[in-house]
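Presented below is the structure to which this report refers.
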Amino acid sequence: RRRHDRAVRELRKALAVELDDADEERMEATVALTSSLLELGRLEEAEAALEPCAGRPAAAAVEGRILARKGLAALALDRFEVALTQPPGNADTALRLDAATSALDAGDPAHAQRLIDGIADDPKVQATRGRIALAAGDALTARALLGSALDARPDDSVALAAAGWACLQLEDHKGATERFHQLMTVTEANAEALEGLGACHAAAGEWGTARR
């Protein structure tokens, strides 16, 4: 967090002075500033900072991340697709994962799969593959992939939620309950965890507990 706070201060100073090759350099500084603000969770400030560069291909990736944070998955995916046409394009694994996540959130797991084809496995990639499997109806594969991802990144709230639903589909109520309880410990937004726990109790016939 300190690193991003310092970056925000330095980038604001850079944007306040006249720069050589102003257009390109200001674009780079603006995108960097916006990215740091996003990392700090300052979404409204990030949107305001990026406004002078909105719609430009060089700003497409960070625009996509803003839209994704706002829950506008289809619009985010459009911007990520534009960003993938700019260097380094498909070589940017993080960008492809962001695009795949938006494709999933927009209800298109097949497109999400195409976006990550060929990416070497790591915990983030495994989590995305697990979510794709779950969306495609393969809960068994999803549970295995998400379990592996969570072994390495146990605080991944998106993977925890998906793992809980995968377990529930497999009627593994104990596993689902554990995952949703874990989710409650790592995020303040507990609506999905509570929904999942309610579904677990309902599936187990514990209607009184499910209603609470």
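The values are calculated or read from the model by the stated rules, or taken from the named source; none is laboratory data. Just so it is clear, the model here is predicted, and its values are computed rather than measured. Every residue, glycine among them, receives a Cβ derived from its backbone with ideal geometry; neighbour counts consider all protein chains shown. Ligands, DNA and RNA are stripped out before the accessible areas are found, and what is left, the full protein with its side chains, is counted by its heavy atoms. Shrake-Rupley method; radii C 1.70, N 1.55, O 1.52, S 1.80 Å.
Residues in segment 136-157: is at least one more than 30 Å from residue 82 (Cα to Cα) and under 14 Å from the mean Cα position of the chain (by Cα)? Scanning segment 136-157, I find at least one residue that is more than 30 Å from residue 82 (Cα to Cα) and under 14 Å from the mean Cα position of the chain (by Cα), so the answer is yes. Residue count for segment 147-157 satisfying the condition of being buried (at least 19 other Cβ atoms within 10 Å of the Cβ) and out of contact with any Asp or Glu (no Cβ under 9 Å at 6 or more places or on another chain): 1. Here are some conditions: (1) loosely packed, with under 15 Cβ neighbours inside 10 Å; (2) under 17 Å from residue 105 (Cα atoms); (3) in contact (Cβ under 8 Å) with a residue 12 or more places away in the chain. Residue 142 meets all but one. Which one does it not meet? Looking at each condition in turn, residue 142 falls short on (1).
So, residue 131, is that one within 25 Å of residue 195 (Cβ to Cβ) and either in contact with a helix residue (DSSP H, G or I) (Cβ under 8 Å, 6 or more places away or on another chain) or surrounded by fewer than 19 Cβ atoms within 10 Å (Cβ to Cβ) (or both) or not? Step through it out loud before you land on a result.
Values: within 25 Å of residue 195 (Cβ to Cβ): yes; either in contact with a helix residue (DSSP H, G or I) (Cβ under 8 Å, 6 or more places away or on another chain) or surrounded by fewer than 19 Cβ atoms within 10 Å (Cβ to Cβ) (or both): yes.
Here the answer is yes, as residue 131 does meet what is asked.
Among the residues making up segment 25-82, those that are hydroxyl-bearing (Ser, Thr, Tyr) and either closer than 26 Å to residue 115 by Cα or in contact with a Gly (Cβ under 6 Å, 6 or more places away or on another chain) (or both) are 34, 35, 36.
Contact map, segment 79-105: first residue among the polar types (S, T, N, Q), second residue in a loop (DSSP other than H, G, I, E, B) and open to solvent by less than 70 Å² (accessible area, probe 1.4 Å), Cβ cut-off under 8 Å, separation 6 or more or different chains; pairs are 90/84; 93/119.
Taking the condition of a type outside the set (Val, Ile, Thr) and either in a helix (DSSP H, G or I) or touching a residue at least 60 places away in the same chain (Cβ under 8 Å) (or both), does residue 164 pass?
Numbers: of a type outside the set (Val, Ile, Thr): yes; either in a helix (DSSP H, G or I) or touching a residue at least 60 places away in the same chain (Cβ under 8 Å) (or both): yes.
Criteria met by residue 164.
Take the conditions (1) farther than 18 Å from residue 104 by Cβ; (2) surrounded by 14 or more Cβ atoms within 10 Å (Cβ to Cβ); residue 163 misses just one of them, which is (1).
Taking segment 92-125 as the range and being under 20 Å from residue 62 (Cα atoms) and polar (S, T, N, Q) as the test, the residues that pass are 93, 101, 102. Take the residues in segment 167-194 that are open to solvent by less than 40 Å² (accessible area, probe 1.4 Å) and part of a helix (DSSP H, G or I); name whichever of them is modelled with the lowest pLDDT. Applying the filter and picking the extreme gives 193.
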